[in-house]
Amino acid sequence: MNLIDMKKVVFVLSVLMLLLPLGILAQDQQSYQAKLQEGKIVVTPLSDNAVRIKYIEGEVKEMPELVYCGEKAEKIACKVKEKQGVTSFLLKDMTIYVDSGLGQVRIDDIQGKTLFCADKHELKRAQIMGEPTREALLSFQSSEDEYLYGLGQFQDGYLNVKGLTRRLTQVNTQISIPFIISNKGYGVMWNNYGLTNFNPAENRVELKRLSEVGEKVTVNVTSTEGGRHEVRQDNRFVATVEIPEDGEYAILLDVGQKMARRHNLDIDGKNYINLRNVWLPPTTSIIVSLKAGKHDFSAVLESGDRPSIYYKKVDDKTTFHSPVAECVDYTVFVGDADRVISTYRRLTGDTPMIPKWALGYIHCRERFNTQAELLATAERFRKEGIPIDLIVQDWQYWGKYGWNAMRFDEGRYPDPAQMTRKLHEMDMKLMISVWSKIDENAELGRQAKAKGYYIPRTSWIDFFNKEATEFYWKNMSDRLLKPYSIDAWWQDATEPENDDLAGRRINNGKELGDRYRNIYPNLVSQTVYEGLRKDDPSRRGMIFTRSGFSGIQRYASVLWSGDVGHDWQTLRYQISAGLGFNASGLPWWTYDAGGFFRPYDQYTNKGYIEQMLRWIEVSTFLPMMRVHGYTSNTEPWNYGDEAKRIITDNIKLRYRLLPYIYSEVAKVSFDGS
């Protein structure tokens, strides 16, 4: 050993000797531990302006890393000091302080200004499906003048989520991303794949059924089995709530089913929530000002609902809570919004450049029924001089072969290769719907069932099983990509729909679905994206998916707001939903312009046509511009000459903006902005 090597050894040993008495031990040169009374805080610098914090008690189950990218790991310069029970970790752009006595984690910027202060890290022992687990809770200070944005896409109309109570699950029209960004110069990502409660309310009151209200109504709905009829009957539910003191109160309405059909709540005769759609999330939230005393709560909901109200007084804390966890685990990012988001994307995966044609007009309807119908529509767009880049074949092209059989029913689509070729000759691309659900009685389904590739008691492929993902992609590639050169892929209902991971085991029974309840859509997109890079490397990929989680941007994924209605309130809610989604670090989002569920007289209803035009006008300025509608022929010429002119003008405006849009897209991919 030469003198230089000896000096290095002496230096390292000296550092370890300094750290050991303080209860701090360097781990792989990146993580550091600070002992608390009940457990330990593990500090892992991820970047000069990002740090991952874990609070651990005892032994923990190792979870696979599904959000952060291992290849992005860096060696971050970190100076560690200890003084009077407080350990400091100095990075280039931030300093982390761990107070071992208080169990507090404080983060200052480089000027010494405190940006973040967590004063509660809590773990409680629990069980799920007979297995031990923990409940994890993090609470940090939030000043009166703070604004918080993010958490994904929600249908409650809130952009600033400070003080709001939300339940983060993946369902149709709701995309849950446990990430928030503050106007105070920091962001926080809660590192848990399962259900998460944001600012959980400790008080719960069940609403009692009072009476039926209104007439029974039969509606057409979409489902994973196709279209169907449902008979719906409203009922009134009531409760009296004792409020202990004056103040602002966060209230969460839970209808008690996997999906809702209506959100409605009156307090003391005043309406605060009223939204109706074929599909709605099971919970919705508001903040209201209430005086101390008794208050009458009333909700007109579906007859099968079992509603409850959760409520708490809004305070100066922001809290994340997960009922299934191994430890308290979160990451804090420091900087302005662009710096926070760019660091988040660098650590969780850069956003690939999507095809330029994906930024033009995307035309979709539910649905084209034949190859001839789709091609005739494409030709009409060209004849009318209405720009279009991408036309979409929705579900059920598989016909007699069964749900998502990954083949066209030749009775209606006699030559899919010719169909794609003719579209390409018109300088138009094709996207088709391919689900992560396969009919068990279809040829592919029988194979999947025999091999154990389903999530138990469902028709969803288990993407946590590597062999199942390989089976899925091989068939998708061999049956659809390679024969037909299809350009883009619509992965519908990837939540999976009906929250079907809850209460089930996955990966050949090795894992609890509840631990991974929110991240399933990422694995679906990962399977398709990595397959495209392998089997179709010369073309940029585009995956259109209804759900996602932190990190999905690295799989060229575009998300949309699901099967929403068409009314003015729903349109307003899509604005806050989209902004909340983008504030969560994910760039590509849109909605069904015109609303997915439309009135039966949509082609002549002047009120609806006015609404539809506003939806389309707004979509001109969204990351993606796409029209869609249930049982609808959504082409502009079906709504009258004036509507056709306005829609065409907006589509042409989109194309005039395309050089600017494409430049901004490049910044997202190359700068992470």
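The values are calculated or read from the model by the stated rules, or taken from the named source; none is laboratory data. What you see is a predicted model; the values in this text were computed from it and never measured. Here the Cβ positions follow ideal geometry from the backbone for every residue, glycine too, while neighbour counts run over all protein chains shown. Protein only, heavy atoms only, side chains kept; ligands, DNA and RNA dropped before computing areas. Shrake-Rupley method; radii C 1.70, N 1.55, O 1.52, S 1.80 Å.
Miscellaneous remarks
- Any hit, the range 364-372, residues being assigned to a loop (DSSP other than H, G, I, E, B) and closer than 26 Å to PRO659 by Cβ: yes
- Hits in the range 78-121 (condition: among the hydrophobic types (A, V, I, L, M, F, W, C), under 30 Å from GLU135 (Cβ atoms) and open to solvent by 30 Å² or more (accessible area, probe 1.4 Å)): VAL86, LEU102
- Any hit, the range 375-382, residues being under 31 Å from the mean Cα position of the chain (by Cα) and either buried (at least 20 other Cβ atoms within 10 Å of the Cβ) or of a type outside the set (S, T, N, Q) (or both): no
- Residues (aliphatic (A, V, I, L, M) and part of a strand (DSSP E or B)) located in the range 95-107: ILE96, VAL98, VAL105, ILE107
- Tally, over the range 619-636, of residues that are more than 19 Å from TYR600 (Cβ to Cβ) and open to solvent by 50 Å² or more (accessible area, probe 1.4 Å): 1
- Count of the range 482-521 residues, restricted to those that are open to solvent by less than 10 Å² (accessible area, probe 1.4 Å), in a helix (DSSP H, G or I) and under 23 Å from LYS429 (Cα atoms), is 0.
- Selection status of VAL528, of a type in the set (Val, Ile, Thr), over 14 Å from the mean Cα position of the chain (by Cα) and assigned to a helix (DSSP H, G or I): yes
- Residue tally, condition assigned to a loop (DSSP other than H, G, I, E, B) and in contact with a helix residue (DSSP H, G or I) (Cβ under 8 Å, 6 or more places away or on another chain), over the range 607-621: 1
- Yes/no for TYR603 being open to solvent by less than 20 Å² (accessible area, probe 1.4 Å), among the aromatic types (Phe, Trp, Tyr) and more than 25 Å from the chain's Cα centre (by Cα): no
- On the stretch given as the range 427-450, residues that are assigned to a loop (DSSP other than H, G, I, E, B) and open to solvent by less than 10 Å² (accessible area, probe 1.4 Å) total 6.
- Scanning the range 224-254 for residues that are in contact with a Phe, Trp or Tyr (Cβ under 9 Å, 6 or more places away or on another chain), modelled with pLDDT under 95 and surrounded by 15 or more Cβ atoms within 10 Å (Cβ to Cβ) yields a single hit, THR224.
- For the range 93-102, the condition of being free of Cβ contacts under 8 Å to residues at least 24 places away in the same chain, acidic (Asp, Glu) and under 24 Å from LEU347 (Cα atoms) holds for none of the residues.
- From the options SER211, SER176, residue that is in a strand (DSSP E or B) and under 13 Å from the mean Cα position of the chain (by Cα): SER176
- Any hit, the range 157-164, residues being more than 26 Å from SER342 (Cα to Cα), at pLDDT 95 or above, touching a helix residue (DSSP H, G or I) at 6+ places or on another chain (Cβ under 6 Å) and open to solvent by 30 Å² or more (accessible area, probe 1.4 Å): yes
- Of the residues screened, ASP338 is not one that is within 30 Å of GLU122 (Cβ to Cβ) and either part of a strand (DSSP E or B) or not small (Gly, Ala, Ser) (or both).
- Within the range 40-94, the set of residues being part of a strand (DSSP E or B) and among the polar types (S, T, N, Q) comprises THR44, SER47, THR87, SER88.
Yes/no per residue for (1) in contact with a Leu (Cβ under 8 Å, 6 or more places away or on another chain); (2) within 16 Å of GLN393 (Cα to Cα):
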| position | (1), (2) |
| --- | --- |
| ASP409 | no, yes |
| PRO414 | no, yes |
| ARG421 | no, yes |
| MET428 | yes, yes |
| TRP435 | no, yes |
| ALA450 | no, no |
| TYR453 | no, no |
| THR458 | no, no |
| LYS466 | no, no |
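- Filter result for PHE596 (touching a strand residue (DSSP E or B) at 6+ places or on another chain (Cβ under 6 Å), at pLDDT 95 or above and not in a helix (DSSP H, G or I)): yes
- Flag if VAL564 is touching an Asp or Glu at 6+ places or on another chain (Cβ under 8 Å), surrounded by 23 or more Cβ atoms within 10 Å (Cβ to Cβ), in contact (Cβ under 8 Å) with a residue 12 or more places away in the chain and not in a strand (DSSP E or B): yes
- Qualifying residue in the range 348-367 (condition: at positive phi and surrounded by 19 or more Cβ atoms within 10 Å (Cβ to Cβ)): yes
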